[in-house]
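One structure below.
We did not get these values from a lab; they are worked out from the coordinates using the rules stated. Since the structure is predicted, the reported quantities are computational estimates derived from the model, not experimental observations. All Cβ positions, even for glycine, are placed from backbone atoms using ideal geometry, and neighbour counts span all protein chains on display.
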Amino acid sequence: MNEIIKFVKLFSLNFPTQFILIIIAVSIQAIANSLSVVAIGPLAEVLLQTEPKDYSRITILVADFFGYEKLPVDFSFLLFGSSLIFAGLTSVVIQYMVFKTQFAILEKIMSETMEDFFNSKYEFFSDTGMGKLLNSFQKESDKLGASFGILTKFFVNFFQAIIFISIPFYISTQLTLIFLICLIFTAIPIWFINTKVRPYGELITSTANTLISVLQENFSAAKLIMSFHNKKRAVEDYKSAFSSHAKAAVIFQSIIYSTGILFMPLGMCAGLIAISWGYQNGVEIASISMILFAFFRMMPVIGIVIQSRSEIKGFLPAFEQIETLAKNARNMQQRDGTKKFKKFSEIQLKNLSFSYQTRENVLNDINLSIKEGDNIAIVGTSGSGKTTLTDIILGLYSPSSGSLEVDDINIEEFSIESYRKKIGYVPQEPFLFNKTIYENFKWAKSNCSEDEIWNALEIANSTDFVKALPEGLHTNLGDRGDSLSGGQRQRIALARAIIKKPLILVLDEATSSLDNESEKFIQNSINELSKNLTMITIAHRLSTIVNSDNIYVMKNGAIVESGTYDDLFSDKNSIFYQMISSQHNEIS
Ligand SMILES: Nc1ncnc2c1ncn2[C@@H]1O[C@H](COP(=O)(O)OP(=O)(O)OP(=O)(O)O)[C@@H](O)[C@H]1O
Ligand SMILES: [Mg+2]
């Protein structure tokens with residue numbers, strides 16, 4: 001019963017009013033359904049031409065209620081028919097309420113989970129697999145929603161089963177007790193089957209995580225798959241993931257189905273034993289027919305109670321996965337201070353080291369000072385830690401030791417929102433949304449005007465190509481901005497960063513895909529811009545950082561050299577000099 005209690009708690013705590021309303025509605029539905037059973041009694045007795053003095057207790061109650069001494073045939077038919085219609089209509093209305101509440105609950109829980117995810121550190125995303133994240137919001141959240149519907153189904157049928165059982169109890173206590181004792185024996189095989197529900201529920205969730213992950217990779221890597229002509233492999237990966245999921249699903253669904261369906265013949269046998277006892281011990285035919293009808297109506301109801309319980313048990317792993325992810329996200333919550341970040345004189349990295357989970361240090365004892373208005377460059381071999389360093393400056397990762405400080409105040413004391421709002425960032429692999437160019441700018445700054453957009457595009461040397469697009473600013477960019485060339489994407493991403501009018505602009509290889517002329521143009525614009533803001537540039541092409549105030553050379557996670565271009569270049573033994581020489585050799 002743990003799973004039922006867990007879900008009741010979840011729903012009642014999140015939606016107390018709706019929960020009470022649903023409980024009332026469910027009770028009405030149970031009563032409405034039970035009335036149709038009660039109404040068969042008078043009909044049976046009227047058809048059997050029973051005299052009023054021989055009426056059963058229920059028929060006497062009904063006749064008294066409607067003011068008849070002898071129930072007319074027409075009225076008995078009408079009563080039975082209308083009780084069935086009333087039960088049907090009540091079910092429809094209540095089901096509508098249940099669906100509505102189910103989706104409202106789901107929306108609330110899943111949006112809160114999404115909020116938890118985005119309040120966490122970026123590490124949460126990089127540590128949790130994409131398949132698991134996507135699947136939690138696709139298949140697993142559906143199961144969570146469905147469990148609410150199933151829970152109400154459980155309660156409607158549970159109440160109904162109790163009302164149904166009270167009818168035969170009222171008519172013949174002994175007969176009903178015999179039935180209940182026989183019924184206990186039916187629980188044994190069902191209990192055994194039920195023990196298999198949870199392990200298969202877990203298996204279904206984990207195989208769905210894998211399946212969604214394969215799907216996501218296959219589709220986002222479609223170009224790569226086709227160019228490697230690895231489509232067979234892609235289909236096989238999908239087939240294998242699907243088949244593992246299907247195997248688990250077939251067994252899971254069969255188990256759930258069988259718990260409900262197996263009960264029917266077993267329960268019916270219990271009923272028949274009780275009725276044959278009643279028949280041999282002088283219970284009247286009208287009473288037996290009422291009991292028989294109650295049993296007939298009761299079996300599917302109890303079957304549903306048993307099946308719903310199994311389903312909820314099987315859906316528990318889905319809920320637990322979502323719950324655990326949300327909990328992990330909350331445990332990894334981004335520390336957020338109260339100080340507003342408005343301006344600064346100096347950003348300092350003090351003895352800062354960092355390692356990704358389970359790996360050795362990627363950054364080692366970094367000391368760096370960035371003064372307001374500085375234009376600094378970070379260079380170094382691939383994998384030396386440049387991107388990681390800017391990720392830390394952006395507050396995406398927290399240092400493992402040492403600190404990042406703004407004017408001697410730890411970054412964690414600032415509101416992360418106020419800090420990031422002042423930073424413009426162009427990542428190494430720019431991501432544009434599947435929206436129009438205009439909407440991509442609005443995403444970065446919701447109140448920007450078209451003039452501001454054109455201004456930013458001008459700085460990023462993009463005016464001409466945007467004007468040449470079929471629908472100009474309102475051209476859709478396709479998935480991840482796929483309808484643009486790599487260099488065009490970089491330029492739009494740069495313009496999108498600039499439009500925020502940031503205090504600090506971080507460029508991670510932001511012009512690496514551009515031709516020399518375009519890069520030169522942008523370089524000039526950036527040099528203009530850098531007069532009014534602080535710039536951190538990561539560059540491979542060293543010709544782009546000639547004007548930097550300070551260049552930091554990184555190797556194996558440490559800053560090994562620093563100085564102006566001329567300082568570093570004048571030292572023939574410096575790594576920087578060798579880097580310049582090798583780039584020079586490449587060109588000549
Ligand atoms: N999410 C991650 N998890 C674990 N290790 C990572 C992660 N991201 C980067 N690394 C490791 O950290 C080191 C530094 O990576 P980083 O991306 O900072 O290098 P980089 O200097 O920017 O290189 P490049 O010039 O190729 O962009 C690399 O050894 C890389 O393998
Ligand atoms: Mg990098």
Checklist outcome for this item: Using the Cα gyration tensor of region 125-256, the equivalent ellipsoid's semi-axes, largest first and to the nearest Å, work out to 47, 16, 10
Checklist entry - Among Phe344, Phe19, Val73, which residue has its Cα positioned farthest towards the positive end of the charge dipole of the chain, with +1 placed on the Cβ of Lys and Arg, -1 on the Cβ of Asp and Glu, and the dipole taken about the Cα centre? => result Val73
Checklist entry - How large is ³J(HN,Hα) for each residue in region 149-163, as worked out from phi by the Karplus curve 6.51 cos²θ - 1.76 cosθ + 1.60 (θ = phi - 60°), to whole Hz, x for Gly and Pro? => result x, 5, 4, 5, 4, 4, 6, 3, 6, 5, 4, 4, 4, 5, 5
Checklist outcome for this item: Expressed in angstrom and rounded, the centroid-to-centroid distance over alpha carbons for region 517-539 and region 240-269 is 64 Å
Checklist entry - Which whole-number percent gives the relative contact order of the chain, counting Cα pairs below 8 Å spaced six or more residues apart? => result 14 percent
Checklist entry - Hey, which lysines would be in cross-link range of Lys70, C-alpha to C-alpha under 29 Å, not counting anything within fewer than 8 residues on its own chain? => result Lys53
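Shape call for the chain from the C-alpha gyration tensor, a ≥ b ≥ c root eigenvalues: rounded (a/c under 1.5), prolate (a/b greater than b/c) or oblate?
prolate
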Next on the checklist: Going Cα to Cα from Lys350, which lysines come in below 25 Å? Please leave out same-chain ones fewer than 8 positions away.
Outcome noted: Lys121, Lys339, Lys340, Lys342, Lys371, Lys386, Lys421, Lys422, Lys555
Checklist entry - Between Glu429 and Met97, what length in nm is gained on full extension when 0.36 nm per residue of separation is reduced by their alpha carbon distance? => result 114.8 nm
Checklist entry - Any idea what angle helix 516-529 forms with the longest principal axis of the chain, computed on alpha-carbon atoms, 0 to 90 degrees, nearest 10? => result 90 degrees
Checklist entry - For Phe242 and Phe465, FRET efficiency with R0 = 45 Å and r from the beta-carbon atoms, rounded to 0.05? => result 0.60
Checklist entry - Rounded to the nearest 0.05, what FRET efficiency is calculated for Ser403 and Ile31 with R0 set to 60 Å and r the Cβ-Cβ distance? => result 0.35
Next on the checklist: To the nearest 20 Debye, how big is the dipole of region 2-331 about its Cα centre, given +1 on the beta carbon of each Lys and Arg and -1 on that of each Asp and Glu?
Outcome noted: 920 debye
Next on the checklist: Rounded to the nearest 20 debye, what is the charge dipole size of region 395-462 about its Cα centre when +1 sits on each Lys and Arg Cβ and -1 on each Asp and Glu Cβ?
Outcome noted: 280 debye
Item to check | For region 2-331: relative contact order, % (alpha-carbon pairs under 8 angstrom, 6 or more apart) | outcome: 30 percent
Checklist outcome for this item: Taking the chain and counting helices only, DSSP H stretches of n ≥ 4 at -39,500 (n - 2.57) each over all residues, the nearest-500 ellipticity at 222 nm comes to -22000 deg cm²/dmol
Checklist outcome for this item: The aspartates and glutamates whose Cα lies under 20 Å from the Cα of Lys100, excluding any fewer than 8 residues away in the same chain, are Glu112, Glu140, Asp142
Item to check | Pairwise label distance in nanometres, Ile162 with Lys520, each label 7 Å out on the Cα-Cβ vector | outcome: 8.6 nm
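Can you pick out the pairs among Lys108/Lys500; Lys108/Lys501; Lys467/Lys501; Lys108/Lys343 whose Cα atoms lie more than 26 Å from each other? List each step's numbers first, then the result.
Details: Lys108/Lys500 31 Å; Lys108/Lys501 35 Å; Lys467/Lys501 23 Å; Lys108/Lys343 37 Å.
From Lys108/Lys500; Lys108/Lys501; Lys467/Lys501; Lys108/Lys343, over 26 Å: Lys108/Lys500; Lys108/Lys501; Lys108/Lys343.
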Next on the checklist: Can you compute the charge dipole magnitude of the chain about its Cα centre, using +1 on each Lys and Arg Cβ and -1 on each Asp and Glu Cβ, nothing else charged? Give it in debye, rounded to the nearest 20.
Outcome noted: 1220 debye
